[in-house]
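A.B. asks: What follows is a structure written as structure tokens; I'll ask about it next.
The values are calculated or read from the model by the stated rules, or taken from the named source; none is laboratory data. All figures in this text were calculated on a predicted structure; none of them were measured in a lab. Only protein heavy atoms, including side chains, enter the accessible area calculation; ligands, DNA and RNA are left aside. Shrake-Rupley method; radii C 1.70, N 1.55, O 1.52, S 1.80 Å.
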Amino acid sequence: MASTEPAAAQTYNPAYPVCLHVCRAGANYYDCSYTSLPQCNASASGRAAECAINPYFAGVENPAAYRRHGRRAY
């Protein structure tokens with residue numbers, strides 16, 4: 001059976017690298033206003049929530065660039 005209620009958009013603030021995902025009855029949302037995982041974890045402590053890396057963080061670089069470290073073949 002389809003719901004007639006409008007779906008709530010989930011927003012990811014691209015200005016912050018960490019999001020708090022809150023899961024509780026009547027609410028399931030992301031709060032992307034944290035600058036670090038420890039900061040977010042402190043807020044999530046004791047709540048039905050978990051922290052995650054923001055996939056839409058504007059400052060993120062190409063993850064493949066981090067794998068380019070190491071020896072070069074000549």
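A.B. asks: Give A58, A42, A65 a once-over and let me know the one that is at pLDDT below 90 and in a helix (DSSP H, G or I). Give the steps one after another, and end with the answer.
C.D. replies: Numbers: A58 fails: in a helix (DSSP H, G or I); A42 fails: at pLDDT below 90.
One residue alone meets the criteria, A65.
A.B. asks: May I pose another question? Restricting the search to segment 17-39, which residues are in a loop (DSSP other than H, G, I, E, B), open to solvent by 60 Å² or more (accessible area, probe 1.4 Å) and modelled with pLDDT of 95 or more?
C.D. replies: Step one: list which residues in segment 17-39 are in a loop (DSSP other than H, G, I, E, B), which gives 17, 25-26, 35-36.
Remaining after also requiring open to solvent by 60 Å² or more (accessible area, probe 1.4 Å): 25-26, 35.
T35 - this is the single residue of segment 17-39 that is in a loop (DSSP other than H, G, I, E, B), open to solvent by 60 Å² or more (accessible area, probe 1.4 Å) and modelled with pLDDT of 95 or more.
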